[in-house]
Structure formats: structure tokens, C-alpha cells
Amino acid sequence: MEIRLGPRRAWVVCHPRLVHEMLRDTRTFDKGGPLYTRLRALMGDGVVTCPHEDHRRQRRLLQPAFRPARVARLTEP
């Protein structure tokens, strides 16, 4: 899906198979360029904006919070 970010165009991958493929391919997934440079200045080097070599470490730190049992507890009434 294409979205507009001000004067720029960006694409959002929505299909699970394509998301999986994108995340597994380091050439596709590495976040770089002028947009990410600006985002890093604004948001820091978090899991959303960090380069590929840092992403795996940060993602693994976050993974326990997204285990099915933990997510289920957050959605209980």
C-alpha cells in the first residue's frame, strides 16, 4: 500500500507473507537514507529506526512482551 509522507511517497507492507519476506532479507530491510536519518534525530535509535545490525538485538529484548500469554493478559477484561 502506498502512503504519502508530506511530499514523499512510502510503501507499507501489509500481507503477512510479504512482511516475513521483507524482515528476513537484510538487503530489503536495512533502514537507511535521508528519511531514516531525520527520524533517528527525532525518535532516537529505537527498534523502528535502528539499522539492521542493531535491530535483531533490540527486537529480541522486546520479544518477551509480545508472547501470546502476555498479550492475552493485556486484553482480558
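Derivation of every value follows stated rules applied to the coordinates shown; laboratory data play no part. What you see is a predicted model; the values in this text were computed from it and never measured. Backbone-built Cβ (ideal geometry, glycine too); neighbour counts: all protein chains shown.
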Looking at the range 49-61, I want the residues that are closer than 8 Å to K31 by Cβ and have a partner that is small (G, A, S) and surrounded by 12 or more Cβ atoms within 10 Å (Cβ to Cβ) with Cβ atoms under 7 Å, at least 6 apart or on another chain. Which pairs are those?
none
Could you list, ordered by first residue, the pairs with Cβ atoms under 6 Å in which the first is in the range 1-22 and within 20 Å of L39 (Cβ to Cβ) and the second is acidic (D, E) and part of a strand (DSSP E or B), at least 6 apart or interchain?
R9/E2; W11/E2
Across the range 20-77, what is the number of residues that are farther than 30 Å from P7 by Cβ, surrounded by 10 or more Cβ atoms within 10 Å (Cβ to Cβ) and among the hydroxyl-bearing types (S, T, Y)?
0
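Only one residue in L39, L23 is outside any loop (DSSP other than H, G, I, E, B) and touching a helix residue (DSSP H, G or I) at 6+ places or on another chain (Cβ under 7 Å), so which one is that?
Details: L39 fails: touching a helix residue (DSSP H, G or I) at 6+ places or on another chain (Cβ under 7 Å).
One residue alone meets the criteria, L23.
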